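Okay, so here's the structure we're looking at.
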Amino acid sequence: MTASQVEQDHPGQGRLAHSPADHPPIPRAKVGVVLANLGTPDATDYWSMRRYLGEFLSDKRVVDYPSWKWQPLLQLIILSRRPFSSGAAYRGIWNTEKDESPLLTVTREQTRKVAEGLESLYGDAVMVDFCMRYGNPSTDSVLRRMQAAGCERILFFPLYPQYASPTTATANDQAFRTLMKLKWQPAIRTVPAYFEHPQYIDALANSVNEAYADVEGSPEVLVASYHGVPKRFLMEGDPYHCQCQKTTRLLRERLGWEADAIHTAFQSQFGPEEWVGPQTVDHVAELAKRGKKHIAVISPAFSADCVETLEEINEEIKESFLEAGGERFTYVPCLNDRDDHIQALLAVVRNELAGWC
């Protein structure tokens, strides 16, 4: 919906009933819900990847080294090479039919289903859209469009079950940067982490049970692989590591499994400093060396399949397990637009909209 298509009150109408004739029209008041995800390049060519990676890796929440030390390394070395390898990784998973990344495809479908669910509850009083922290549609463009359409209250929902500074916090930062530039700021609420929400845990358990039912012979171990963060983030108060551990425990309890049936590991490490561990790519190889022939991997920190799951887990991490002697590797897809996941997201949204709708 564009601002020009929005129902508006003109002088003499609605809340402008007592306004002077020259008062500008004002959109009818709405509540906005914005689903925010990490981001996506516009294409897989060198320059598209460079723009995307440059924005991502320049974020102080992602890499918090001093700019004088980090930016020369980033601009002169990393961004001269990384776009080629990252572009190749994205090409391997690219949605060629829609010419976009799977993350964009899935997030759009999640938004459509959430919008349908909220429309059945609140009619046209709630407007739903999605944005990306990096790339398009940008946070700024979506929030401005919502404000222009009459959204005087906005619920901003980072789609990260576990809170982390490089994911949830930077998404919220970007939303507030937009508010800093608006003459008329909408009231805004940010959605807290939902890592222990019962319906989220149920959806994870359902996805595991369905994946196991589709393979011959149950995997011996399920590895819950979360995106990694430097260990010092934990020491500095970031709750991410602890929330990941609790998600794994709650999932195990929901499945009714023994403690050693699910392992927690972390992926996507880069740079020289120590990160939280164990590292997934090394851990699966160790499992194979210990005689485990069939494992499964799930990604509870990702609300939608993306390059970190479809390429890193289902290719690089799978290869590490098989090369170390493993024989069968089962990837449990992200929750994506599963109905039980959508119901979990709707439950979170309805709770956070309390008092507004």
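The values are calculated or read from the model by the stated rules, or taken from the named source; none is laboratory data. Remember, predicted model here, so these are calculated numbers, not experimental data. Note that we place each Cβ from the backbone using ideal geometry, even for glycine, and neighbour counts take in every protein chain shown. Just the protein is used for accessible areas: all its heavy atoms, side chains included, with ligands, DNA and RNA removed. Shrake-Rupley method; radii C 1.70, N 1.55, O 1.52, S 1.80 Å.
Accessible area per residue of the chain at 1.4 Å probe, in Å²? The answer is 46 Å² per residue. Per DSSP H run of at least 4 residues, take -39500 (n - 2.57); add these up for the chain, divide by its residues and hand me the 222 nm value, nearest 500 deg cm²/dmol. It comes out at -12500 deg cm²/dmol, rounded to the nearest 500. Size check on the chain: the Cα extents along the three principal axes, sorted descending, read 80, 50, 43 Å. One decimal place: the segment A324-S141 gains 61.2 nm when fully extended, by the rule 0.36 nm per residue minus the C-alpha distance.
Checking the cross-link pairs K98/K292; K113/K246; K98/K246; K183/K231; K60/K181 against a 32 Å limit on the alpha carbon distance flags K98/K292; K98/K246; K183/K231 as lying beyond it.
Just the protein heavy atoms count here, and of the accessible area of region 179-281 at 1.4 Å, carbon and sulfur take up 51 percent. Remark: spin-label model distance S58-A29 equals 3.9 nm, labels positioned 7 Å along the Cα→Cβ axis. Can you work out the FRET efficiency for the pair Y122 and Y46, with r the C-beta to C-beta distance and R0 = 45 Å, to the nearest 0.05? Computed FRET efficiency for Y122 and Y46: 0.50. The GluC sites (Glu not before Pro) of region 202-233 that DSSP puts in a loop, and whose beta carbon has at most 11 other beta carbons within 10 Å, are E216. I need the Debye-formula profile for region 287-357: one equal scatterer per C-alpha, no solvent, reported as log10 I(q)/I(0) at q = 0.13, 0.23 1/Å, two decimals. For the requested q values the scattering log ratios are -0.51, -0.95. On the basis of the beta-carbon distance and an R0 of 30 Å, E286 and L234 show a calculated FRET efficiency of 0.85. Within the shell defined by Cβ-Cβ distances under 14 Å, the residues around H241 carry a net charge of +1, with Lys and Arg each +1 and Asp and Glu each -1.
Using equal-weight Cα scatterers in the Debye expression, the normalised intensity of region 25-67 in log10 at q = 0.21, 0.27 Å⁻¹ is -0.77, -0.98. Across region 219-330, the relative contact order, built from alpha-carbon pairs under 8 Å that are at least six residues apart, equals 37 percent. Based on every Cα atom in region 1-146, Rg and the maximum pairwise Cα distance Dmax equal 20.7, 62 Å.
Across all directions, the shadow cast by the convex hull of region 90-165 built on its C-alpha atoms averages 6.7 square nanometres. Ligands, DNA and RNA left out, the accessible area of region 1-136 computed with a 1.4 Å probe is 55% carbon and sulfur. The distance between label points at D214 and A17 comes to 5.7 nm (points 7 Å beyond Cα on the Cα→Cβ vector).
Look at where the Cα atoms of region 263-341 and of region 40-58 average out, and the two centres are 24 Å apart.
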